[in-house]
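A short write-up of the structure that comes next.
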Amino acid sequence: MLAVITSLILFFAGFHGFAQDQNLSVISNTKGVPDDMKMEDLRSVLKGEKQRWGDGTKVVVALMKTNTPAGSSTLKKIYGMTSDELNKYWLALVFQGKAKAPAFFNSAAELQVFVEQTPGAIGIVDSPGSGNHKKITIDGKKTF
Amino acid sequence: MRFGVKSKIWITIIGIVMIFAFFLLIFFPMQQEKYLLKNYEKEVQTLANTVALGVKIALTEQNFEGVQTAIDFVNKDKRLTFVAMIQTDSSFNEQTKKADVKKNVFKSYPETFSPDPGWISNDTMIIKWSPFSTDMMKGQIMLGFDTSEIIKSKKEIRQTSLLVCGLILLLGFLVGLWLARQISVPVLALRDAALEVGGGNRNKYVIATQTDEIGELGRAFNEMVSDLRQAEEENIKSNKNLAASNAHLEEALVELKSAQSQLIHSEKMASLGQLTAGIAHEIKNPLNFINNFAEITSELLNEASQANLTPEQRDLVNQAKDNLIKINTHGKRADSIVKNMLQHSRATAGEFQFSDINDLCNEFMHLAYHGIRATNNVFNCTLETNFDPRLRPVKVMREDLGRVILNLLNNAFYAVNEKYHRLQNENTDEAHEFRRIVTVSTQANEGNVKIRIRDNGNGIPEEIMDRIFNPFFTTKPTGSGTGLGLSLSYDIVVKGHNGNLQVESVAGRYTQFTITLPA
């Protein structure tokens, strides 16, 4: 019985955990960013490893702050780091001039406006609204 | 030590230039380097602070925009040697009971550069620290900037200072030359001119074209020299006038002494003349009695001698007659002397009339010569005349002046004859060559007439020269002269004609009497 209860708790806990990981969507500026990307390419872009798009447009990363649900999900799904680790990661890159640091936003709306106005910008949001941006499919899926 | 004006000018200029050189080469560069270094350190510190602030914002607010901008700015700076983020980790040490602080380089740029957290600034690099502290991470931003730019700037400052110092030196040299030309050269020229003027050159001037005080000094000096020369010329002129005045005074003094001497002599002669006249007058009456009774007695003896007398009586009568003859002879001689003395007393009694002096001299010269020839027929003498034809008739007492000429000529004839006989007796060579010469000359002058009677006789000895015009003074043997001739002549010329009678003689060679008469 105890085992059943424990299993249930763990199941629900795990479910709850999965329930906290929101589906994320990738939006981008209309310029430079391809319509579909593989997850590995997305990770590479978001980790600052890729600096320019195929047409030469400079890559600009826009992320939700890590204290937001979308930001937290992004940490887990893309970076696999804690918030501090992410900060240190980007600080190290910026400090050594290896990459341009991402822009962090408190709201999806702000992020969406930034992406729409910045050529080559790509951002991760939990619920992409309508606007002058592209919705990038990752491995053929609109969310991940 | 004595410094000249030029030395003082150069010492001043060099002193000023040295002060400028000190400030330009040492003080100002040091100050500039100090401020430059201070500003540089401040700038680096500001950059470090900015980066640290950016890091803090990035770590706390997840906003990397600031640190990105700061890092981009720092990385672009060419002076950057490195920028490093030092992470500080503290842990409590149980053994030491103190916190152990470990400093590790978190990241650095350039990546290949590995700075040591313990580094400090040195000559080639300035290192600045700026701490940051967040919940996630504590540490410091360490910025290293090289000082090559500072060294280059220092070098440029020193080069500029050296160049400016060189220009100052050149300017100082030019100013020194200019001052020397403007001050030293004129002052030295003035000194030399003053020495030359002091040495007696009163024509030494200086060139004074400057419009400043030096020029004014030069002009004042020139005016002084000019005034000095003028004063000297006036002094010389005054001295000449003074010398001329002195000469006139001396001449006047000589004339005064001569006049005084003549006056004394005149007074003396006048006194003697009066005395002589008085004596002559008193002697003349008894002398007349002597002469008259001698003649009468002689006649009586003549009558007595015709009577019958014994031979002894006749001898006595004859002796008495001889005595009477002698008495009569000497009585007449005494009478003659008395007459001369009386003539002496009335020497100025004649009348003035215009007379031709040349004719007068000629007449009395022949009268005197024939007079002496009458008493001495072997006498021979050459008469020379030199009468001035310009001579105008002069108002004189003709007879008296004639007596003067006659007296002087008689003396001249006597003198040449005496010399002739003396030479004959000595029988020298001069005796054969000697020729008796008496010269009479006249001369017309402005305001007077001169008559000169010169003989080449024995001359007058110096010791008796001042006595020859005294009455009764004679060098002739007794009976040959009364000693009244020159005395009488002197009275006639001086007192009678207001003239002058002078004698000039060299013993053994000549005698010349000069009669000066006012015309």
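The values are calculated or read from the model by the stated rules, or taken from the named source; none is laboratory data. Nothing here was measured: the structure is a model prediction, and the numbers come from that model. Don't worry about glycine lacking a Cβ; one is built from the backbone with ideal geometry, like all the others, and counts go over all protein chains shown. Only protein heavy atoms, including side chains, enter the accessible area calculation; ligands, DNA and RNA are left aside. Shrake-Rupley method; radii C 1.70, N 1.55, O 1.52, S 1.80 Å.
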**Report entry** Evaluation of B:F469 against (1) surrounded by fewer than 17 Cβ atoms within 10 Å (Cβ to Cβ); (2) under 30 Å from B:L275 (Cα atoms); (3) of a type outside the set (K, R) (one fails), failing number
**Finding:** (1)
Report task. Could you tell me whether A:V125 is buried (at least 24 other Cβ atoms within 10 Å of the Cβ) and out of contact with any helix residue (DSSP H, G or I) (no Cβ under 9 Å at 6 or more places or on another chain)? Result -> no
Query raised in the report: Is region B:430-444 home to any residue that is closer than 30 Å to B:I279 by Cα and either free of Cβ contacts under 8 Å to residues at least 12 places away in the same chain or open to solvent by less than 60 Å² (accessible area, probe 1.4 Å) (or both)?
Result: no
Query raised in the report: Which condition breaks for A:I122 when tested against (1) touching a Ser or Thr at 6+ places or on another chain (Cβ under 7 Å); (2) farther than 16 Å from A:R43 by Cβ?
Result: (2)
Report summary line: Within region B:349-384, residues open to solvent by 30 Å² or more (accessible area, probe 1.4 Å), of a type in the set (G, A, S) and touching a helix residue (DSSP H, G or I) at 6+ places or on another chain (Cβ under 7 Å) come out as B:G350
Query - Residues (open to solvent by 40 Å² or more (accessible area, probe 1.4 Å) and more than 30 Å from the chain's Cα centre (by Cα)) located in region B:184-202 - result: B:V185
Query raised in the report: Does B:L47 satisfy the criteria of being closer than 18 Å to B:I127 by Cα, open to solvent by 30 Å² or more (accessible area, probe 1.4 Å) and touching a residue at least 24 places away in the same chain (Cβ under 8 Å)?
Result: no
Query raised in the report: Restricting attention to region A:94-108, which residues are aliphatic (A, V, I, L, M) and outside any loop (DSSP other than H, G, I, E, B)?
Result: A:V94, A:A103, A:A108
**Report entry** Residue check for B:R181: in the same structural domain as B:V55 (by TED's automatic domain parsing) and open to solvent by 90 Å² or more (accessible area, probe 1.4 Å)
**Finding:** no
Report task. Answer yes if at least one residue in region B:303-311 is at negative phi, modelled with pLDDT under 80 and open to solvent by 60 Å² or more (accessible area, probe 1.4 Å), and no otherwise. Result -> no
Requested in this report: Please work out if B:E504 is in a strand (DSSP E or B) and either assigned by TED's automatic domain parsing to the domain that holds B:I405 or not aliphatic (A, V, I, L, M) (or both).
Outcome: yes
Report task. Quickly run through region B:84-117 and pick out the residues that are surrounded by 13 or more Cβ atoms within 10 Å (Cβ to Cβ), among the small types (G, A, S) and in a loop (DSSP other than H, G, I, E, B). Result -> none
Report task. Report yes if some residue within region B:61-69 is free of Cβ contacts under 8 Å to residues at least 60 places away in the same chain, open to solvent by less than 70 Å² (accessible area, probe 1.4 Å), touching a helix residue (DSSP H, G or I) at 6+ places or on another chain (Cβ under 8 Å) and among the small types (G, A, S); otherwise report no. Result -> yes
Query raised in the report: Based on what the data block shows, is B:I126 open to solvent by less than 30 Å² (accessible area, probe 1.4 Å), away from every other protein chain (no Cβ under 14 Å) and at pLDDT 90 or above?
Result: yes
Query raised in the report: Within region B:211-219, can one find any residue that is under 21 Å from B:G4 (Cα atoms) and among the aliphatic types (A, V, I, L, M)?
Result: yes
**Report entry** Condition check for B:I492: within 17 Å of B:I357 (Cβ to Cβ), of a type outside the set (F, W, Y) and in a strand (DSSP E or B)
**Finding:** no
Query raised in the report: Which of the following residues is within 11 Å of chain A (Cβ to nearest Cβ), assigned to a helix (DSSP H, G or I) and of a type in the set (S, T, N, Q): B:Q45, B:Q68, B:Q31?
Result: B:Q68
Query raised in the report: Would region A:117-132 turn up any residue that is modelled with pLDDT of 90 or more and part of a helix (DSSP H, G or I)?
Result: yes
Query raised in the report: Hey, among A:L42, A:L75, A:L91, A:L111, which residue is open to solvent by less than 10 Å² (accessible area, probe 1.4 Å), without any contact (Cβ under 8 Å) to a residue 12 or more places away in the chain and not in a strand (DSSP E or B)?
Result: A:L91
Query raised in the report: Being assigned to a helix (DSSP H, G or I), within 11 Å of chain A (Cβ to nearest Cβ), touching a residue at least 12 places away in the same chain (Cβ under 8 Å) and open to solvent by less than 80 Å² (accessible area, probe 1.4 Å), is that true of even one residue in region B:73-83?
Result: yes
Report task. Scan region A:16-26 and give yes if some residue there is surrounded by 11 or more Cβ atoms within 10 Å (Cβ to Cβ), at pLDDT 90 or above and in contact with a helix residue (DSSP H, G or I) (Cβ under 7 Å, 6 or more places away or on another chain), otherwise no. Result -> yes
Query - Failed item, numbered, when B:P131 is tested on (1) part of a strand (DSSP E or B); (2) surrounded by 15 or more Cβ atoms within 10 Å (Cβ to Cβ) - result: (2)
Requested in this report: Scan region B:137-178 residue by residue and report those that are within 14 Å of chain A (Cβ to nearest Cβ) and either in a strand (DSSP E or B) or loosely packed, with under 14 Cβ neighbours inside 10 Å (or both).
Outcome: B:K138, B:G139, B:Q140, B:I141, B:M142, B:L143
Query - Pair list, Cβ < 8 Å and 6+ apart or interchain, from region B:228-248 residues that are assigned to a helix (DSSP H, G or I) to residues that are not β-branched (V, I, T) - result: B:L228/B:R202; B:R229/B:R202; B:R229/B:N203; B:E232/B:R202
Query raised in the report: When residues of region A:108-139 are filtered for being more than 12 Å from the chain's Cα centre (by Cα) and within 14 Å of chain B (Cβ to nearest Cβ), how many remain?
Result: 3
**Report entry** Extreme residue, most open to solvent (accessible area, probe 1.4 Å), among residues of region A:47-72 that are in a strand (DSSP E or B) and charged (D, E, K, R)
**Finding:** A:R52
Query raised in the report: Does B:I57 satisfy being farther than 30 Å from B:L163 by Cβ and free of Cβ contacts under 8 Å to residues at least 12 places away in the same chain?
Result: yes
